[in-house]
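Report on the following structure.
The values are calculated or read from the model by the stated rules, or taken from the named source; none is laboratory data. Given the structure is predicted, the values throughout are model-derived calculations rather than measurements. Glycine gets a Cβ as well: all are built from the backbone with ideal geometry, and neighbour counts include every protein chain shown.
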Amino acid sequence: MTQMAVRPAGHGDGAAMAVLLAEMDRFYGAAGTEPPDERLRQISEALFASPPAAYALLASETPGWPVSLGYYRPMLFPGHSIETPRLTLRPFTPGDFDDLYAYQSRPDVARYLHWDARDRAQVRQALDRQCGETALDAEGDWLTFAVVWREAGKVVGEVGLKWLSREHRQGETGFVFNPDYHGRGLATEATEAMLTLGFDNMGWHRITGSCDARNHPSARLMERIGMRREAHFIHNQIVKGEWAEELVYAILDHEWKARRPSAAPYRHLG
């Protein structure tokens with residue numbers, strides 16, 4: 001399909017932009033045609049001014065176009081990357097094995113997670129799975145990013161979003177980082193980008209995060225980015241053969257928007 005330039009999140013309704021582009025690609029792809037350049041210009045202008053108006057334009061002028069969006073169906077696409085002041089968040093690739101193994105093989109990293117320190121074969125299996133976590137188009141999907149610290153030229157961790165509920169516009173964020181790069185605010189910067197992505201592009205109303213109650217650094221990170229502790233569950237699950245305690249944090253869309261001036265800006269690369 002002919003490509004349209006898309007502005008970064010924050011211009012209009014990001015969730016609507018995503019679904020409009022997805023619907024255009026699906027509709028024209030199925031028809032085996034491409035819209036003319038003038039039509040793309042009109043749609044693009046309407047998209048940035050008002051996503052619902054852009055959809056109405058498509059519906060009124062294109063035979064067979066769906067009559068109504070109903071609830072915006074968010075979608076993020078393979079190859080989608082984000083750049084923050086110091087980081088590039090991009091899909092994992094097979095070439096990331098050494099950097100991933102450097103921290104997933106460490107017992108101190110896995111201590112409070114649901115998996116144990118991984119050997120090379122297990123890291124390879126994990127990497128294969130993460131290379132496929134490149135889009136959110138159904139509840140339960142994870143979108144996972146390799147976090148590249150540009151100064152070091154290395155993958156220093158991973159962050160992601162999970163789509164929990166379409167009806168209730170709920171999502172979850174998670175993160176794992178190499179301890180060799182702790183103390184620089186990199187995990188904070190990357191996780192803030194996930195909140196911006198979830199609220200602005202996915203149109204979510206609430207994003208949660210959780211950690212083992214003994215994992216104080218992760219708890220402090222979620223508090224630092226404005227997430228509120230909503231629960232402390234006692235012996236709610238057995239992890240690695242013993243009862244565990246879990247902290248649950250959450251933040252709402254209007255709470256995030258109220259504090260966004262202090263959040264690091266970012267831009268989309270793909």
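If you check Arg106 against the conditions, is it within 25 Å of Thr188 (Cβ to Cβ), modelled with pLDDT of 95 or more and of a type in the set (D, E, K, R)? Let's see the steps before the verdict.
Numbers: within 25 Å of Thr188 (Cβ to Cβ): yes; modelled with pLDDT of 95 or more: yes; of a type in the set (D, E, K, R): yes.
The answer is yes for Arg106.
Is it fair to say Arg129 is closer than 19 Å to Thr173 by Cβ, at pLDDT 95 or above, basic (Lys, Arg) and assigned by TED's automatic domain parsing to the domain that holds Gly241?
yes
Any residue in region 173-188 that is touching a residue at least 60 places away in the same chain (Cβ under 8 Å) sitting within a Cβ distance under 6 Å of a residue that is assigned to a strand (DSSP E or B) and among the charged types (D, E, K, R)? List the pairs, counting only those 6 or more apart or interchain.
Qualifying pairs under 6 Å: Val176/Glu158.
Applying the selection to region 220-238, what residues are under 26 Å from the mean Cα position of the chain (by Cα) and among the β-branched types (Val, Ile, Thr)?
Scanning region 220-238 gives a single hit, Ile225.
Spot the failing condition for Leu113; the list is (1) surrounded by fewer than 13 Cβ atoms within 10 Å (Cβ to Cβ); (2) touching a residue at least 12 places away in the same chain (Cβ under 8 Å), and only one is missed.
Every listed condition holds for Leu113 apart from (1).
Kindly provide the set of residues from region 214-234 that are crowded, with 19+ Cβ neighbours inside 10 Å and in a loop (DSSP other than H, G, I, E, B), ordered by number.
If the condition is that a residue be crowded, with 19+ Cβ neighbours inside 10 Å and in a loop (DSSP other than H, G, I, E, B), then Ile225, Met227 are the ones that fit.
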